[in-house]
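Let me begin by presenting the structure, written as structure tokens, before commenting on it.
The values are calculated or read from the model by the stated rules, or taken from the named source; none is laboratory data. Just so you know, these numbers come straight off a predicted model, no measurement behind them. Virtual Cβ from ideal backbone geometry, glycine too; neighbours counted across all protein chains shown.
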Amino acid sequence: MPAPSTLAARTARRLGLPDEEVELTRLAASLHDLGKLAIPEEILRKPGPLTEPERMVLERHPQIGFRMLESLGVDPVADWVLHHHERWDGSGYPDGLPGDRIPLGARIIFVADAYDAMTSERVYRRRVAPEEAIAELDRCAGTQFDPCIVTALAEELGLDEISAEPIQAAALAS
């Protein structure tokens with residue numbers, strides 16, 4: 001299975017972005033969780049749900065990564081890392097940006113990372129088939145994810161014609 005950075009770059013290319021932006025997207029996707037280096041290991045590896053204080057600590061990782069990258073002068077990569085948890089409907093973090101106010105690179109990274117998370121084995125849940133992951137991304141398109149990015153990733157993976165059932169909440173918890 002391709003790495004999230006490869007998925008992000010392939011999606012950027014599918015969207016017709018110039019080569020330089022495709023490579024910046026690949027770089028930002030490679031570094032998007034850099035801020036997690038400052039998050040305690042017990043939070044990152046916790047097998048069960050996070051407490052509210054733990055979640056608040058974890059949600060600081062985009063700002064930490066941004067500060068690390070901004071100090072190196074790596075724009076727009078730093079900005080994309082900062083906003084890779086913003087949601088299409090504006091309910092994400094750290095700034096609650098909606099829709100097109102979220103930088104395109106950040107929107108691409110968010111979708112590629114979510115697909116990777118669902119299709120990879122995790123301590124806290126089983127992995128799902130690519131078709132199920134695309135169905136879940138599609139179900140959340142327009143609220144959590146940019147619908148155009150979801151479509152581009154599905155097309156890139158050749159999964160745009162599949163009408164799989166969305167992942168059940170119980171499957172995500174197991």
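For the structure I just gave you, tell me whether A12 is of a type in the set (G, A, S), touching a Phe, Trp or Tyr at 6+ places or on another chain (Cβ under 8 Å) and either buried (at least 18 other Cβ atoms within 10 Å of the Cβ) or not in a helix (DSSP H, G or I) (or both). Here the answer is no, as A12 does not meet what is asked.
Among all positions in the range 130-151, there is at least one residue which is of a type in the set (A, V, I, L, M, F, W, C), buried (at least 17 other Cβ atoms within 10 Å of the Cβ) and in contact (Cβ under 8 Å) with a residue 60 or more places away in the chain. Can you name every residue in the range 73-90 that is farther than 17 Å from E21 by Cα and touching a residue at least 40 places away in the same chain (Cβ under 8 Å)? R87, W88, D89, listed by residue number. Residue check: A152 meets all listed conditions (1) touching a Lys or Arg at 6+ places or on another chain (Cβ under 9 Å); (2) of a type in the set (G, A, S); (3) more than 20 Å from R10 (Cβ to Cβ) but one, namely (3). Pairs are defined by a Cβ separation below 7 Å, a sequence spacing of at least 6 or placement on different chains, a first member in the range 26-45 that is surrounded by 15 or more Cβ atoms within 10 Å (Cβ to Cβ), and a second member that is part of a helix (DSSP H, G or I) and polar (S, T, N, Q); the pairs so defined are R26/S5; A29/S5; S30/S5; G35/Q63. Candidates in the range 102-129 are the residues that are of a type outside the set (A, V, I, L, M, F, W, C) and free of Cβ contacts under 8 Å to residues at least 60 places away in the same chain; of these, the one that is surrounded by the fewest Cβ atoms within 10 Å (Cβ to Cβ) is E121. Taking the criterion of being in a loop (DSSP other than H, G, I, E, B), more than 14 Å from the chain's Cα centre (by Cα) and modelled with pLDDT of 95 or more, would at least one residue in the range 153-172 satisfy it? Within the range 153-172 (the criterion being in a loop (DSSP other than H, G, I, E, B), more than 14 Å from the chain's Cα centre (by Cα) and modelled with pLDDT of 95 or more), the answer is no, since none of the residues qualifies.
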